[in-house]
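Notes for the one structure printed next.
Where a number appears in this text, it was derived from the coordinates with a stated rule and is not lab data. Small disclaimer: the values here were computed from a predicted structure and weren't measured. Neighbour counts run over all protein chains shown; Cβ positions are idealised from the backbone, glycine included.
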Amino acid sequence: MNNKKLFAIAAAAAVGIILYSNCKVTIPKGARAVSPFDVRKYLGTWFEIARMNYRFERNLTNVSATYSLDNHGNIKVVNKGFNMERQAWKEVTGKARFVKHTDQGRLKVSFFGPFYAGYSIIDIDEHYRHALVVGNSLDYMWILSRTPSIPADIKARFLTKAKQLGYNTPALVWTRHDQYYS
């Protein structure tokens, strides 16, 4: 086999490994996705109450996420937030798919082509008004609500659960909601 073919095979294998590792979705140790889970009750708009800070949401306030079903039954995700540094709204559209079972709150979300990240709903109230969501690792967590605020008892419940899992809850960014998307 000549060097060009060998190089091409090695490059393809490397790309495959990178794609596989970037698409692998996990859930933090000790966390369990909500089950049973009803995606139809989860659809609609959620306000971000708090998050672990990471680069894609840095400097954002007034963050919301809207989930809907497309014509094929896939979940469409539209995230919006106001970038305080740039004084401009930012919006990104993605897709979500169930990792295994449709009655389990364990999804994978993609905003960038074939790259997926874990998105697991690990606590939700019975009326689907408040949710605790985690990503692949202890670096990603969101507290969501159907309104721009959350009751103190639900907040305490979510923070206790997150802390028990190992999240650095004092590092949470508490999202301000004082502007409306235009």
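In this label model, Thr93 and Ser68 are separated by 0.9 nm, measuring between points 7 Å along each Cα→Cβ vector.
What 222 nm value per residue comes from the helices of the chain, counting each DSSP H run with n ≥ 4 as -39,500 (n - 2.57) and dividing by all residues, nearest 500 deg cm²/dmol? Could the numbers behind the result be given before it?
Details: 3 runs with 39 residues, N = 182.
That calculation yields -7000 deg cm²/dmol at 222 nm.
Computed from Cα atoms, the angle from the helix 152-165 axis to the main principal axis of the chain rounds to 30 degrees. For Ile154, the shell of other residues with beta-carbons less than 14 Å away shows a net charge of +1, using +1 for Lys and Arg and -1 for Asp and Glu. Whats the longest run of the chain with zero GluC sites (Glu not before Pro) that are DSSP loop and have at most 10 other Cβ atoms within 10 Å? Of all site-free stretches, the longest is 1-84.
Start at zero, step by 5 Å, and the Cα-Cα distances of the stretch 83-182 spread as 2, 10, 18, 21, 21, 19, 8, 1, 0 percent across the bins. Give the separation of the Cα centroids, the stretch 23-68 to the stretch 77-104, in Å. The distance from the Cα centre of the stretch 23-68 to that of the stretch 77-104 comes to 8 Å. Placing pseudo-labels 7 Å out from each Cα toward the beta carbon at Ala171 and Phe115 gives an inter-label distance of 2.0 nm.
Counting 0.36 nm for each residue step from Tyr54 to Asp139 and taking away their Cα separation leaves a gain of 29.8 nm. Given Val25, Ile75, Asn59, which one lies farthest toward the positive end of the charge dipole of the stretch 3-174, if we put +1 on the Cβ of every Lys and Arg and -1 on the Cβ of every Asp and Glu? Result: Val25, furthest along the dipole toward the positive end.
Given +1 on the Cβ of Lys and Arg, -1 on the Cβ of Asp and Glu, and no further charges, what dipole in debye does the stretch 3-174 carry about its Cα centre, rounded to the nearest 20?
With Lys and Arg at +1 and Asp and Glu at -1, about 480 debye.
Average 1/r across all pairs of distinct alpha carbons in the chain, invert it, and you get the Kirkwood radius: 17.6 Å. Can you tell me the orientation of helix 3-23 relative to the chain, as the angle in degrees between its alpha-carbon axis and the longest Cα principal axis, to the nearest 10? The angle comes out near 10 degrees.
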